[in-house]
Each structure stands twice: as C-alpha cells, then as structure tokens.
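Worksheet: the structure to be examined is printed underneath.
Each value in this text was obtained by applying a stated rule to the coordinates, not by laboratory testing. What you see is a predicted model; the values in this text were computed from it and never measured. Here Cβ is always computed from backbone atoms with ideal geometry, including for glycine, and neighbour counts include all displayed protein chains.
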4 protein chains.
Amino acid sequence: MESLKKYDSKPDLNKPLLIECLPGIGNVGKTAGDFLAEAVGAVKFLSIYSKHFLPQVIPDKDSVIEMASNELWFVKNVKKRDIIFLRGNYQGSTQEGQFELCREILDICLEYDISGIITLGGYGTGTMVDKPRVLGAVSELSLKEEYTKFGVQFVPEDPQAGIIGASGVLIGMGKIYGIPSICLMGETSGYFIDHKSAMALVKVLCKKLKIKIDVQALKEKSEQIDEFTAKVKEFEDRNEHEDLGYYG
Amino acid sequence: MESLKKYDSKPDLNKPLLIECLPGIGNVGKTAGDFLAEAVGAVKFLSIYSKHFLPQVIPDKDSVIEMASNELWFVKNVKKRDIIFLRGNYQGSTQEGQFELCREILDICLEYDISGIITLGGYGTGTMVDKPRVLGAVSELSLKEEYTKFGVQFVPEDPQAGIIGASGVLIGMGKIYGIPSICLMGETSGYFIDHKSAMALVKVLCKKLKIKIDVQALKEKSEQIDEFTAKVKEFEDRNEHEDLGYYG
Amino acid sequence: MESLKKYDSKPDLNKPLLIECLPGIGNVGKTAGDFLAEAVGAVKFLSIYSKHFLPQVIPDKDSVIEMASNELWFVKNVKKRDIIFLRGNYQGSTQEGQFELCREILDICLEYDISGIITLGGYGTGTMVDKPRVLGAVSELSLKEEYTKFGVQFVPEDPQAGIIGASGVLIGMGKIYGIPSICLMGETSGYFIDHKSAMALVKVLCKKLKIKIDVQALKEKSEQIDEFTAKVKEFEDRNEHEDLGYYG
Amino acid sequence: MESLKKYDSKPDLNKPLLIECLPGIGNVGKTAGDFLAEAVGAVKFLSIYSKHFLPQVIPDKDSVIEMASNELWFVKNVKKRDIIFLRGNYQGSTQEGQFELCREILDICLEYDISGIITLGGYGTGTMVDKPRVLGAVSELSLKEEYTKFGVQFVPEDPQAGIIGASGVLIGMGKIYGIPSICLMGETSGYFIDHKSAMALVKVLCKKLKIKIDVQALKEKSEQIDEFTAKVKEFEDRNEHEDLGYYG
C-alpha cells in the first residue's frame, strides 16, 4: 500500500535541487535544512502519510492534531535556482519502510526533473566537538572538487559504517538515476540537538547557493552550546584536580 | 493483500457520522461505543477480516466459531442523523497494520460520504480517577468550541505522547480528507474496564446527538467501581496509620 | 507477492471435501490426516511455495533437495465423495503469513467448489491423556448434531484461547463463504507426536466418510505410547513411595 | 514493491549457466565465485537494489558511495558456455526478503533461458578443517553422478538443518522450473574467510567447466591459513602439556 499523499498545490518548478533534512544524529540535518527552508521562504506543497510512520497523531497547543508525515516544500528563484525541501519529524520505522519511502519520494521528485540532491545529516563522534567539520560523500567524483571549495572535507571510506536512512538511500538512488547527489554531514557529539554543527552545514549550503542569510538565531544557540561545553569542561577539570588531591 | 470483506447488507445512508469504538486503554471507548450502538439499535452490515489480526477463531457457547474481525454497524435517523459504528475486539497488531486497516475502513466510509468522525478512547492516568473528565483533540478548531459546550475539556498539547492506534489514525486521516473529526478520551486509571469513564463519554455523545438513553446499566457498574475504589482507599488509609505506628 | 504454485495435474473434482492436516500441537492433525490420505490413495496435484515458509531446502537420503511447501492432494470417489487433502511440513511463520496462505489456498479450493472443510488439530492438555477425546468447533450449528453422532464432543467456549493457525483460519474463512466447516481436535499431552490421539481422529473421520481402513500401524504406535505412559507412571509411583519413606 | 533494477547492458546469452556466489558461512561461496568470475573476465550488466537490503550507502576511498545491491555479471563462450554470476555483499535480511529476491532474480535469469544453476556455499563444521571436502545437494539424481566425478561428495540427508538462504532457495526454485541445479558446499570452520575451502570449490568448478585457471592467489592465502592453523595447534598442544604438569 502506497503512501497517502495530500497536495496543497502543484508548483511549476524548473529543474529544482532537492535538499533532504529529516531527523537524524544530533538532528543536525533537520536543524540546518529547516533553518534554510524558513530563511528562503519555502512553502509546503505536499504531505506524505505512510504506514511506515508510527500510527499516531499529535495535538498542538490548540488541541488540533496532525498525523505523522513527511513533507515537500518548495521555493522558486533562489539566485535563479528552484529548490524542493524534504522535511518532517519522522523517518520510516523499518528498513523496508526507509527504502520504500525514499523511492516514493524520489519518484515524485523525478517528475519535477530534479537536477541535484543534497542530503543533510550528522556525523556522530561521541565526544564534544569544538569546531565541527562538514564531511561529504558523493555520487560522482566531480562533486568532490566543487564542494571542497566550499570547505567540505572528504575522508576516504568514511563513515565506515555507511550512511544509513534517507540521507544515504536518497543519494544512492540519485546515483542510480544519474542525478548529481551529495550527503553533507556536520560533525556532532550526537548528545543533543546540535545548532553549532547545523550552522556549519548552513554556511556550506549558502556558499553552494551563492546566498547570504542571517544565521544570528543559530549563532546564539551555538554560543549557548559553547558555554555549556565550557562549563562541562571546567567541572571535569576541577573534579580531576580534586581527584588528584584525594588519591595523592 | 487487502482485507476480506463480508457484507450482510449495503444500507442506504445519508451523510452518516462515523463513531469508532475499538478496544484501547481501560476499554473506555469500546464500552461507551458498544453501549451507545446497542441503545440506538444499530445493525451490523459489514465484517472485515484482515491479516493484521491474530490468525485465529474463537468458539462461542454453542461451539460455533467466529474469526477475528472489525465490524461496521449502522443506524438510521437518530434525530435525523445516520450513524456508522466501527466495532470489534481487535486492532491491527502491527503499526503498518493499524495504518492499512484504518485506511481501508475509511475508504469504505468515504463511499458512504461520512459527514464527521468521532473516535472514542481512554486517557490513562495511572491513578484512580474520582470524576473522570472527557478530554478532546480535534481536526479543526471549530469543533473545540462545539464540544466545549458538551463538557469536553481541551488541554494544550495533550496527550503529549500522541493518540495512538485507530482513535488517532482515523481522525488524522479525517483531517486529510477535510472531514470534521474529534477524538474523545475518558480519563481512566487504565487498570480495569472502566464503565464510569465510559458513562462520562456516553453523556457527551448524548449531548452531541441530542438524545436521551437509559444509562442505568453503566451506572450500576460505575457504582461497583466506586465501592471498590472506596475500599481500596480505606485499606490504604488503614495501612498508612499502621505504618506511622510502626515507624513512630 | 503471491506464492509460487506448481501443478502436477489439474484434477476434475466433484464438490470435494477439504481436509487440512498441517503440523500443530502433538502433530495430531498431521499424523491423522497423512495416515488417512495414504490409506485412501490420495495423489499430489499442487505444490505451494511461499515467502511465508523458511527460505531453505532439505536434502533427502539421495541428496535430492525439496523446498519448504504446502501441498494439495486429491482422491476421487471415496464412497462417492471426492476429497482434497492440504498437507505439508510447515505453516506460515508469521501471523500475516498464516492469513495470506490460508486465503490463497482457500481461493484455489473455492475454484474446485468445495462442499465442506474439516481441519484437524491437537487439543493440548499438558498432562498425559489415557483416552483422548475428540473435541469440535463448527462454523454452523447443524454440524454439531452430525458430528456428535460420530463421538465428537463439544465444550462451550472451548478452547478459550481460540484455535490458532490454519486449523482455525480455514474454518473461519469457510464460515465467511458459507461452507460447512469443522475443526476436529484430538486431546493430547502435546509432549510428543501423538499417534493415539491421531487414531481417535481417524476413527471419527472414517465414520464421517463411511469407510473402513486398517489402523493397525497407528494402533501399534499407540500401544507403544501406552507402554511408555505406564512406565512413566510406575516410575513416578515408586519415587513417590521412596519419598514418603525418606521424609517419614 | 519490486526491486529497483539498473541495467548497464542487456547481453545476448546462449542458455547460460547461473552461478550464485553471495556471502555466507566462511564466505566460501562468495570467495570462490568472485575469484572465478574475475578469472574468466565476467562483466557486470545488472544491479538490483531492494528494500530487503540495509537502507544504506557505503563510501569508497574517493568518497563515492554505492548502495547495497546484488549484481548479475556475464561472460560469453567459456569453452562454448555462457555464464551469469550472481554477486554481491548482501543477502535479503528477512526470510520473506530472501524468497522474494531469489524469485525476482530467477525470473530475470529465466528470461535468459538458463540451462543450469550452481549455488556456492560453505558447510560449517565448527572445527578446523585440514582438507576441506566439497559436499553437494542436487535438484535431480543425474547431477549426483556427474559431480561425483569432479570429486564432490554426497552425504545422505546432509546438511540436516537444510541449506538456508539464496544457495538453498535458488536450487529449490530451479527444481520447480525443471532446471538442473546443484549446491556446492566447501567445508569450513566458519571462523574466518576461508580461502582454502574456496580453492577446493574453484577446483570442482574448473573440472565442470573444463577450464584451467591460475589459483596461485588463493593458494597463497590458503597457505597462510595452514600456517595459522599449525600455530594454533602448537599453542594448544603446549598448553595441554603445561596443564598436565599443573594437575599432575
């Protein structure tokens, strides 16, 4: 059974770029993509409801419910480029579901004749990251050269465990269809929603799209993370000293 | 593979209201909905047999078996309103099954041009509830105003974990199709079949339907629950005193 | 994806009776049904290979493999009655699979215009059974009267946990299609392949079919079970006495 | 949802032989089949992407990703015989997936009018194997005679637990379609990638195909395994002596 699709509109787009920003490690991809989508004024045009999401609805502050979904948003003419954003609070909850959903969504995007795919994700390090790098994996070599100019780093055979979920499957399928596709991963501890890593992603995207956007909101949250990190470090250092005293 | 459907009849209905009363927390929704369906003389017209139910049959007192199913019952002209009840002893046993079943059932109801959806459920508190409230979540704001008049309470973003199963998915899908949909949840400890909470639901439904029905049977069972609750409380109080003595 | 079906032949049958004898508790149904099928000279005409069986092949003594399957066998003119046997070493390994397989198989049998369904199973008691009864559950009341004459016993609402798997689903679906259907369950401890209980089933089936068959082979294995049971009992009695002495 | 298939070419083949070499116990089948495919110069013509593989992509040394897949490779005119190799790093991750994938792949091969199926696997012993035998299981008796000449051994009802996965299902389905099919299993401890056992398989395949290929690379790795095995044995022997001293 295919997903249930509800179109708000069927926009007329010119070879749009698809940017995926679903939840994942440290919610880096979602945070970055949602921020960019809002900044460029993207508009929702399609909601996708699937058996591969939890069978539930969530009430908002007005007690108005919304069912779990993935959404496509569009914006036209960002420096002459049209963009589709894939947004949502869920990914498919089984591996079969991940594949089927990505395929359904890509089929829709293929009808819009997408010219490229960028998937956004986190690269989990398990330790605090001072200056998060943005790592990349590509469907074709030419992209490597292009994105290196934007500060993206490429580490051979990394991540070794592969890129799992929509961020992986979409660029994998993009490669099958010959669509230039890249996954951008912001380094993150993975322990919290990482606005700092998301900001690093946003900066790369701005270079790619040749736009400037106000990242003040992300910056403030990043600084909060820096303060928090510093306090954690200070606390750890102090305890370390006391420990020395205690055992000394 | 779709469900196996067996029609007893294909009634001619005029923009019926769909009321869902499948099992759930404290069986509040099932108890209330089944009671109402019997009270207004609803008649079964469709049985739905699905791979998403347990693959089994249950023998009755005559050793005549019945396979796990969901059923649609109808009643015409309840104060000029036709109603379809969704009844049964089972919900889909996987999340994919929940979604697929609700979609199949809603597709049938859409053919009957339903004018509204009310799903009935329990709101589990985990503690004994003296005066169970009826809480609501809606597909559109206008319903909130209407049902507030019937005594339904709306708590922002509540339940926070969402509404899971048929009670959630049906109003979620109702919203997609633009059908005014509400989930009514009777507060319940969730520890037993809660006739008292069900009675609270029935009272709201009677106001909505502008009917009066004899709730004596529910009342008697509610009073039994009250007596039981009182005894539990008395027992706890006594033990508490003894405990004080013990530690004093 | 439907099953893969391989026909050896497409027999011309006259309103055959379907007898299901797949594995289950104590393998009572399989033992009885396979014995009867051999005794009346049934011939395989269809093999059904499904994703719902384990994905494996088993080599025989000649190292020739066979893939997991369910099979339909037929025999014509057993006292003017045609019979289809549903045989095999497997049932579907998920609940969805159970339902889908039964439905596919029943669809085939419906094309043969079956006039009745008998499913064979075990009724697990968890204790040794001296004289296994044959219990029944029916799709319609008239069958109860008929089979009572053959010595089948009917216990209200029994088994309370329902009849699970092909033996249950097939009579459940039989009821939906208006085909007289009965499940016959031989009482069994469930601890071993129970030839004695199977013999009890075979005797009922012979009465129903008005045939006589040589049950000597089953009888011998039943007597072995009796001897074994007697020895277990003797051993337990002796230990009990010793225990009394020990603690006395 | 069927697999996503990407053809590099659609070769014109004459009743090819299908050789399956997917991963399994000790990776014996994969190692042997991949080695043979490279030795005879096979070329990839089809990639199969499925919901039954993990939903992920793996980056290579250039950060270019590839999605999990199974592949068909072909070679023409190996001593007048055309061959299709089924290669990959994955098998279906559920039992339903195993069956569906094998069926889809076999359907493709049936269009190429395959004349035979050889599946390659390991036969796990759980202990170190000095001289790995090659064991066989067949779809028809005639193959037993043929392969006995190539040194393959046939043990009645072995492996008793059956042959699981693609190596089993493909010869099972081959039998259904009347295609001569054999599974060749190299004995292996199963504790590591077993090049020695793979070499034994390759030798049998060379006899079957009447070809000679340079197995030097496999030989060297086999000798490393022999050295490793000898050291393990020496270490165990020494410890045994010490143990005797200790307890003596």
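Across all directions, the shadow cast by the convex hull of segment D:1-138 built on its C-alpha atoms averages 10.3 square nanometres. Dipole of the protein assembly as shown computed with +1 at Lys/Arg Cβ and -1 at Asp/Glu Cβ about the Cα centre; of A:TYR7, D:GLY174, B:GLY165, farthest Cα towards the positive end is A:TYR7.
Do the alpha carbons of any pairs in D:LYS131/D:LYS221; A:LYS144/D:LYS44; A:LYS80/A:LYS208; A:LYS175/D:LYS44; A:LYS44/A:LYS208; B:LYS51/C:LYS51 sit beyond 19 Å of each other, and which pairs? Going by Cα-Cα distance, A:LYS144/D:LYS44; A:LYS44/A:LYS208 fall outside the 19 Å limit.
Near the amide H of A:GLU20, within less than 5 Å, lie the amide hydrogens of A:LEU86, A:ILE118, A:THR119, A:LEU120, all on another chain or at least 5 residues away, with H placed in the peptide plane. Summing Cβ point charges (Lys, Arg +1; Asp, Glu -1) relative to the Cα centre of chain D gives a dipole of roughly 1040 debye. 3J(HN,Hα) along segment D:159-170, derived from phi through the Karplus expression 6.51 cos²θ - 1.76 cosθ + 1.60 where θ = phi - 60°, amounts to x, 4, 6, x, 10, 9, x, 4, 4, x, 4, 5 Hz, with x in place of Gly and Pro.
The sum of -39500 (n - 2.57) across all DSSP H runs of n ≥ 4, divided by the residue count of chain A, sets its helix-only mean residue ellipticity at 222 nm to -12500 deg cm²/dmol.
Summing Lys and Arg as +1 and Asp and Glu as -1 over all other residues whose Cβ lies under 13 Å from the Cβ of B:ALA217 gives a net charge of -2. Each residue of segment C:8-16 was assigned a 3J(HN,Hα) from its phi angle through the Karplus expression (A = 6.51, B = -1.76, C = 1.60, θ = phi - 60°), giving 7, 7, 10, x, 9, 10, 9, 6, x Hz with x at Gly and Pro. I want to verify the translational diffusion coefficient of the protein assembly as shown in µm²/s; compute it with Stokes-Einstein, Rh as the Kirkwood radius over Cα pairs, at 20 °C and 1.002 mPa s. Estimated diffusion coefficient is 64 µm²/s. Volume per residue of the convex hull around the Cα atoms, evaluated for segment D:195-239, comes out as 52 Å³. What net charge do the residues around C:LYS80 carry, taking every other residue with its C-beta under 11 Å from that of C:LYS80, with Lys and Arg at +1 and Asp and Glu at -1? Once all neighbours under 11 Å are counted, the net charge is +4. Working note: Cα atoms of segment D:154-204, range along each principal axis, descending, whole Å: 34, 24, 20. Each residue of segment D:107-122 was assigned a 3J(HN,Hα) from its phi angle through the Karplus expression (A = 6.51, B = -1.76, C = 1.60, θ = phi - 60°), giving 4, 4, 5, 5, 5, 8, 6, 4, 9, x, 10, 10, 9, 10, x, x Hz with x at Gly and Pro.
By the Cα gyration tensor, chain A has an equivalent ellipsoid whose semi-axes, rounded to whole angstrom, run 33, 22, 18 from largest to smallest. Farthest toward the positive end of the dipole of segment D:4-216, out of D:VAL64, D:ASN89, D:VAL40, is the Cα of D:VAL40, where the dipole comes from beta carbon charges about the Cα centre.
In this structure, the amide hydrogen of C:ASP82, modeled 1.01 Å from its nitrogen in the peptide plane, lies closer than 5 angstrom to those of C:ASN14, C:LEU17, C:ASN77, counting only residues at least 5 positions away or on a different chain.
For segment A:116-235, the Cβ-based charge dipole about the Cα centre amounts to some 340 debye (Lys, Arg positive; Asp, Glu negative; other atoms uncharged).
Between amide H atoms placed 1.01 Å from N, distances below 5 Å from A:ASP8 occur with A:LEU46, A:SER47, all of them 5 or more places distant or on a separate chain. Within the shell defined by Cβ-Cβ distances under 14 Å, the residues around C:ASP34 carry a net charge of 0, with Lys and Arg each +1 and Asp and Glu each -1.
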